[in-house]
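Undergrad: Pasting a structure below so you can have a look.
The values are calculated or read from the model by the stated rules, or taken from the named source; none is laboratory data. Small disclaimer: the values here were computed from a predicted structure and weren't measured. All Cβ positions, even for glycine, are placed from backbone atoms using ideal geometry, and neighbour counts span all protein chains on display. Heads up: the accessible areas ignore ligands, DNA and RNA and are worked out on the full protein's heavy atoms, side chains in. Shrake-Rupley method; radii C 1.70, N 1.55, O 1.52, S 1.80 Å.
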Amino acid sequence: MYDFAADPALPKPELYRQLCAAADALTAGERDGIANMANVAALIWEFVPRLNWSGFYRMVEDELVLGPFAGRPACIRIPLGQGVCGAAARTGETQLVEDVHTFPGHIACDAASRSELVVPVFRDGAVIAVIDLDSPEPARFDREDADGLEALAAILSDRI
């Protein structure tokens, strides 16, 4: 049995260091990418406070397809360039959106979402997935959150 937990009062760099250590321990040696995404989506849900969605979209041919997640049901397919996830996948750049209602082409899978953080996961220079976090709070995410998820994405690059 695994019992990973973090104190949400920790400074963000320490919280994400612990999240990355837990994800590394949980996914090391496991070859099944879907299983690894499922466990990491659950870890994010447990570690990162004030979320209403955490999970993955996988690159399948020329679009994003829903992967493992925690939260309400979500959009299944997202074309590249559409919404926050599609923008991250197309540009290969982290998307840190303080107010999703001001993001051109935002896709509202959950009307309660107000802010979003999407980090691409790379393998051999290509985006293979994105990690997506949504929050019902405006401006919930900052550069420390982005840095933490980018470190997590680097760990997962050859595990999903």
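Undergrad: With +1 on the Cβ of every Lys and Arg and -1 on the Cβ of every Asp and Glu, and nothing else charged, how large is the dipole of the chain about its Cα centre, in debye rounded to the nearest 20?
TA: 220
Undergrad: Once you charge only the Cβ atoms, +1 for Lys and Arg and -1 for Asp and Glu, what is the size of the charge dipole of the stretch 6-49 about its Cα centre, to the nearest 20 debye?
TA: Using only the charged Cβ atoms, the result is roughly 100 debye.
Undergrad: Rolling a 1.4 Å sphere over the protein heavy atoms, what is the accessible area per residue of the chain, to the nearest Å²? Kindly include the intermediate steps, with their values, before the conclusion.
TA: Details: 7760 Å² over 160 residues.
With the other protein chains kept in place, the chain gives 48 Å² per residue.
Undergrad: I've got another one for you. For the chain, set up a Gaussian network in which alpha carbons nearer than 10 Å are linked by springs, and say which option among F47, F69, F103 fluctuates the most.
TA: F103
Undergrad: Given a 10 angstrom Cα cut-off, can you work out which residue in G55, G81, G125 is the most mobile in a GNM of the chain?
TA: G125
Undergrad: Putting +1 on Lys and Arg Cβ atoms and -1 on Asp and Glu Cβ atoms, find which of S135, S157, V60 reaches farthest to the positive end of the dipole of the chain.
TA: It is V60, whose Cα lies furthest towards the positive end.
Undergrad: Using alpha-carbon positions, what is the distance between the centroids of the stretch 1-73 and the stretch 114-160, in Å?
TA: 10
Undergrad: Got a number for carbon plus sulfur as a percent of the stretch 1-104's accessible area, 1.4 Å probe?
TA: Of the solvent-accessible surface of the stretch 1-104, carbon and sulfur hold 51 percent.
Undergrad: Moving to a separate point now. I need to check one value: relative contact order of the chain, counting alpha carbon pairs closer than 8 Å and at least 6 residues apart, in percent. Don't jump to the answer; show the numbers that get you there.
TA: On the way: 330 pairs, mean separation 37.5, N = 160.
About 23 percent, as a whole number.
Undergrad: Which of D142, D124, D134 ends up with the largest GNM mean-square fluctuation for the chain, with Cα atoms connected below 10 Å?
TA: Largest GNM mean-square fluctuation: D124.
Undergrad: Which option, (i) 1.05; (ii) 0.93; (iii) 1.08, is the value of Rg/Rh (Cα atoms, Kirkwood Rh) that was calculated from these coordinates?
TA: So the calculated entry is the one marked (ii).
Undergrad: Can you pull the one-decimal nm distance between simple spin-label points at K12 and R90, each 7 Å off the Cα toward Cβ?
TA: Calculated label separation equals 2.6 nm.
Undergrad: Further question: Report the calculated FRET efficiency for D158 and V60 (r = Cβ-Cβ distance, R0 = 25 Å), to the nearest 0.05.
TA: Values: r = 18 Å, r/R0 = 0.73.
Computed FRET efficiency for D158 and V60: 0.85.
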